[in-house]
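Data block below; observations after.
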Amino acid sequence: MTVGAKADGAGCARYTYRLRLSRSARRALEAEWDRCRWVWNECVAKSKAVYQAARASGERLACGPARLDRMLTEARRSMPWLREGASVPQQQLIRDFGKSRAKALKDIDGRLPVRQRAGMPRFKKKHEAEPTLNYTKRGFRLKDGRLHLAGGIVVRPVWSRELPGPPSSVRVYRDSVGHWYASFVTTA
């Protein structure tokens, strides 16, 4: 599957490949997702707490990515199980949370009808949310036909075609049937 998008005059394309996972790689990806899901839920809780505090005090308080990054740093410092995972997907999750929240606030400010609004980010439940991990350039590498992810996770994509260039990011996700995929973004 290839999806094209234009950004700043350069074309970007997404190339998706099925992954073959060993049991240990599957367990490692699921454990990484559990840590990321915890970070997402903490972002939702922190955002709601700041909103309630601002509403009660009448002050203008914000819960932006900088505050959430500090929260992640403190959490990684105090919780060894969170430190076991890579920081790259956790940081990307905070950025995704920020984009999601900004879109919801923009829709509210734009006075879109409720049915057209993007909702505020909600808690992700373990058995309802499908795993999705985003890695930037510094969080993965391709070597000998394998995908090496931050945290020591090595997976084997089924290369149905060559990538046209070096990828700038990769999204590793599981679909509703249980199959795992890697989706690379490259400039075309």
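Would you pick out the residues in region 167-188 that are free of Cβ contacts under 8 Å to residues at least 60 places away in the same chain and in a loop (DSSP other than H, G, I, E, B)?
The answer is 175, 176, 177, 178.
When the residues of region 134-188 are narrowed to those that are in contact with a Gly (Cβ under 8 Å, 6 or more places away or on another chain) and farther than 14 Å from residue 16 by Cβ, which ends up surrounded by the most Cβ atoms within 10 Å (Cβ to Cβ)?
Among those that are in contact with a Gly (Cβ under 8 Å, 6 or more places away or on another chain) and farther than 14 Å from residue 16 by Cβ, it is 149.
Results for (1) touching a residue at least 40 places away in the same chain (Cβ under 8 Å); (2) within 19 Å of residue 93 (Cα to Cα), shown as yes or no for each residue.
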position: 127; (1), (2): no, yes
position: 131; (1), (2): yes, yes
position: 155; (1), (2): yes, no
position: 161; (1), (2): yes, no
position: 165; (1), (2): no, no
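Anything in region 125-135 that is among the polar types (S, T, N, Q) and in contact with a helix residue (DSSP H, G or I) (Cβ under 6 Å, 6 or more places away or on another chain)? List them, or say none.
Scanning region 125-135 gives a single hit, 134.
From the list 13, 31, pick out the single residue that is crowded, with 16+ Cβ neighbours inside 10 Å and either over 23 Å from residue 173 (Cα atoms) or among the small types (Gly, Ala, Ser) (or both). Talk me through it step by step, then tell me what you get.
Details: 31 fails: crowded, with 16+ Cβ neighbours inside 10 Å.
Exactly one of 13, 31 is crowded, with 16+ Cβ neighbours inside 10 Å and either over 23 Å from residue 173 (Cα atoms) or among the small types (Gly, Ala, Ser) (or both), namely 13.
Check whether at least one residue in region 89-100 is under 16 Å from the mean Cα position of the chain (by Cα), modelled with pLDDT under 95, open to solvent by 50 Å² or more (accessible area, probe 1.4 Å) and of a type in the set (A, V, I, L, M, F, W, C), and report yes or no.
Within region 89-100 (the criterion being under 16 Å from the mean Cα position of the chain (by Cα), modelled with pLDDT under 95, open to solvent by 50 Å² or more (accessible area, probe 1.4 Å) and of a type in the set (A, V, I, L, M, F, W, C)), the answer is no, since none of the residues qualifies.
Please give the number of the condition residue 22 fails out of (1) in contact with a Gly (Cβ under 8 Å, 6 or more places away or on another chain); (2) more than 20 Å from residue 138 (Cα to Cα).
(1)
The values are calculated or read from the model by the stated rules, or taken from the named source; none is laboratory data. Because the structure is a prediction, the values reported are computed rather than measured. Virtual Cβ from ideal backbone geometry, glycine too; neighbours counted across all protein chains shown. With ligands, DNA and RNA removed, areas are computed over all heavy atoms of the protein, side chains included. Shrake-Rupley method; radii C 1.70, N 1.55, O 1.52, S 1.80 Å.
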